1. So, D386, is that one acidic (D, E), away from ligand 2 (no atom under 15 Å from the Cβ) and within 30 Å of G35 (Cα to Cα) or not?
2. Within segment 136-155, how many residues are over 28 Å from the mean Cα position of the chain (by Cα) and part of a loop (DSSP other than H, G, I, E, B)?
3. Residue check, G235 against (1) crowded, with 22+ Cβ neighbours inside 10 Å; (2) outside the structural domain of G147 (by TED's automatic domain parsing); (3) over 17 Å from V60 (Cβ atoms), all met but one. Which one?
4. Could you tell me how many of the residues in segment 421-465 are away from ligand 1 (no atom under 16 Å from the Cβ) and under 19 Å from A324 (Cβ atoms)?
5. So which residues in segment 32-63 are crowded, with 24+ Cβ neighbours inside 10 Å and of a type in the set (S, T, Y)?
6. Among (1) at pLDDT 95 or above; (2) of a type outside the set (A, V, I, L, M, F, W, C); (3) part of a loop (DSSP other than H, G, I, E, B), which single condition is D101 missing?
7. Could you look through segment 317-367, keep only residues that are more than 14 Å from ligand 1 (Cβ to nearest atom) and among the polar types (S, T, N, Q), and pick out the one that is surrounded by the fewest Cβ atoms within 10 Å (Cβ to Cβ)?
8. Would you please name the residue that is modelled with the highest pLDDT, looking only at residues in segment 373-396 that are closer than 16 Å to V86 by Cβ and in a loop (DSSP other than H, G, I, E, B)?
Amino acid sequence: MQLPADSTPPWAIGSSAYAPLAEDRRADVVVIGAGIAGLTTAALLARAGKEVVVLEGRSVGSGTSGRTTAKVSALQGARYQVLADVHDEDTAARYARAQLDALAWMAEQAGPVEAAQWERRTALTYATTEAGRSKVEQEARAATAAGLDVELGGADLPFEATASVMLADQAQLDPGPYLAALAAEIAASPNGTVHEDTRVTAVRGHRTFRVVTPRATVSAQHVVVATLLPITDRGFFFARAEPKSSYLVALDVAGSVPQTMSLSVDEPSRSMRTARIDGQERLLVGGEGHHTGRGGPTLARYQALVDWAQEHFPVNEVVARWSAHDYVPADHLPWVGAASFTSPHLLVATGFEKWGMTMGTAAALLLADTITGTEGVSTPWGAIFDPKRMALRGLPTAARLNAEVAGHMASDWIKPEAGPASDGTGRRRRSGLVPVGEPEPSGPAVRVVCTHLGGVCGWNDGDRTWDCPLHGSRFEGDGTVLAAPAIRPLRSAEPPSPTPDA
Ligand SMILES: Cc1cc2nc3c(=O)[nH]c(=O)nc-3n(C[C@H](O)[C@H](O)[C@H](O)COP(=O)(O)OP(=O)(O)OC[C@H]3O[C@@H](n4cnc5c(N)ncnc54)[C@H](O)[C@@H]3O)c2cc1C
Ligand code: FES
């Protein structure tokens, strides 16, 4: 079955609506990144009367928030048993409370935005194996202990589940219109401004800040770094979280499709929900997760999703396909708040582990409380997300991540040769000592040396991007930055043209 040529979600917002930052200015708060975490924080602050400036390197919703599955759910696969195990039951309960508060906030926000297609749905975690059965039953116990009103059973799947647990009254939405409406609200507020095509290249200061972009600077008392993974090194989150990519296909299926938002606990993991695209109900199928920048050709990942769907549904056509990545913290709790003791007003929101619709919103509620000085009033669960926590149980995972990073760094520099992909794109070779890549068989080459910390980027044939296997920065074929933590583009491999004679 033919895959669409482009990797674009059906709800993509498209071109920029807001002018780049062109002049130096001051503000109470600078928010870096116009995804769900950044935009929700900015909207809350603008409502609270703070002067807030959003700086977005590309366009509103162009990051993971615009390329997600967009289930809005407090039931999140097998999350509560992990939190109870790595932390404790109290932490799991606070996490659940944060998700429910975020869901309630989003319901109020999304309800009036017709294009966001907010729909209440039941969330389902299920298993198809015996090993998976005990995991689901354990999740039912852990989620109940965390305060969620879950019930065993309820699977509406076209194959047999060995066990399932469901949580009613969750939701799904189209994230593009939702994010666009948040940005429009900020821009329409007398206190808010949104700038697109404005990549932040440095954040200077410790008590007050200068946020530097290519054309101008903003001075502020608070900075919120909501760039999926922070672009600032304070907190060293890149060394404590794993970037994980996943893939999605939207399918035209003959007949009815399951109405629950489901997620399997068995491998390979499969996620499903419906979506109304151009007036037609489609089935979204997601999965094929792997460490970003590692794991071979990605076109095959889309194909694997289609093959799986065809086993269970009469699929007529693949309507759309897209992918994204998110960060999994070593101790499985997001980081929200001050990144370090020395910079109490530099705040981060990261590590949402593919549950950032609710968790990005919860992070925004907490950050807005922190900045307006009402910390703990409406977000009593907030302390568990403190980025400065000592997470001893996460240390072995962090050590493993960093050992793998060191291994990749060495082996990719020793032998950078790779590809090309089946369509001739993305050959990687050595030019002198430097690894270079050719996005097109006969196009200009780029130095595929990641501008974050020097990882050798690999070709993602499904999305036509260069992805760094160390901490998940991503670049377009020509080297333009797509995703943090990198802030500078890949350099051209072509020698600079000689300066013309005067
Ligand atoms: C495949 C997939 C499916 C998912 N499905 C779900 C789901 O069903 N439900 C759920 O709750 N969660 C889901 N998630 C997780 C969720 O989508 C993310 O956690 C969330 O979108 C992250 O939001 P964010 O605002 O932190 O980051 P982003 O949306 O990535 O926003 C960060 C923004 O910062 C900008 N930026 C980066 N660097 C700079 C810079 N230097 N200067 C200025 N701007 C910069 C980027 O361009 C980007 O727009 C999924 C994730 C993936 C990968
Ligand atoms: S993302 Fe850190 S080296 Fe590439």
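The values are calculated or read from the model by the stated rules, or taken from the named source; none is laboratory data. These numbers were taken from a predicted model, which means no experiment stands behind them. All Cβ positions, glycine included, derive from the backbone under ideal geometry; neighbour counts span all protein chains shown.
1. Yes; evaluated as a whole, the condition is true for this residue.
2. Qualifying residue count, segment 136-155: 2.
3. Every condition holds for G235 apart from (1).
4. 5
5. T40, T41 - these are the residues of segment 32-63 that are crowded, with 24+ Cβ neighbours inside 10 Å and of a type in the set (S, T, Y).
6. With respect to (1) at pLDDT 95 or above; (2) of a type outside the set (A, V, I, L, M, F, W, C); (3) part of a loop (DSSP other than H, G, I, E, B), D101 is out only on (3).
7. Per the stated criteria, the residue is T342.
8. D386
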